[in-house]
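Written below as structure tokens is the structure these notes are about.
Any read-out appearing in this document is the output of simple, stated calculations on the displayed coordinates, not a laboratory observation. Because the structure is a prediction, the values reported are computed rather than measured. Cβ coordinates were reconstructed from backbone atoms using ideal geometry, including for glycine residues, and neighbour counts include every protein chain displayed.
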Amino acid sequence: MELSRGVYLLRAAANVTLVTEPEVTLFDAGSSHDGPRLLKQLQAIGIAPDRIQKIVLTHSDWRHAGGAHWLALTSGADVFSSQPAAAILGQHASPGKLRTLRATLLGRRAPPVTPSILRDSDEVAGFRVIEVPGHTADSLAFFRPADGILVVGDAARVAGMDILPPNFWRSSSELTGRRSLAILAQLPTEILIPGHGPAYRLPQRALRAVAGPPGFADSLITRREQRVHSTRRS
Ligand SMILES: [Zn+2]
């Protein structure tokens, strides 16, 4: 589905965003079983695999990053991720373990990849990199000022008219996640593309509602840190 000029939402275990300009880039790669399905969707748009130049990962979860190895091999594209995601994705599976085998068969584990590292405020394929820890510590979002496209991975969830913070039981830190949403709420976003489900047009108000007033998450984090300090002292 074309969301905006040259911006497409592709279906896989998680959303994959295709951006055709200035260079053909995929944001996320689906699971390790999604490669052929993604190529078919690209073909329908008229993109041959060897035209993919970059595969940019929002975080290291298998639904988002598992397909990176296969897609990079097939297309010759370069893979990019945050430093902590690269550390996870570069690990070799320990051989002979039943759990690893099962995970591989289920598409939850793929051969290792060695992404190039992206940091906050870097630029990749015309997008600004924003570190958005919370859902995972290795999460990144990507914003393109030219047309207000914001790719957030699982840093935010779309539920009807609402935007929700990451699932707290699956997240490394809910408060950090809210602080990340507060950062995203400040951007002049036209279309927010989450890791799952439909895109959200003009999300600023919904993002502000979930992030709370300016400085809210920060004040909660500070209060919690003070509490931890005082319990340690007593
Ligand atoms: Zn996900």
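Could you work out how much longer the chain between A87 and R51 gets when fully extended? Use 0.36 nm per residue separation minus the Cα distance between them, nm to one decimal.
Length difference between fully extended and current span is 10.2 nm.
Taking 7 Å steps out from each Cα toward its Cβ at A209 and Q226 produces label points 3.1 nm apart. Exposure proxy ranking for R223, R178, based on other Cβ atoms within 10 angstrom of each Cβ and starting from the fewest, stands as R223, R178.
Going by neighbour counts of Cβ atoms within 10 Å, the residues T74, T222, T136 line up, fewest first, as T222, T74, T136.
Put in order of Cβ neighbour count within 10 Å, fewest first, the listed residues S121, S139 become S121, S139.
For the pair R11 and K40, the difference between a 0.36 nm per residue extended length and the Cα-Cα distance amounts to 9.4 nm. With R₀ set to 22 Å, the beta-carbon distance separating A159 from F216 gives a calculated FRET efficiency near 0.60.
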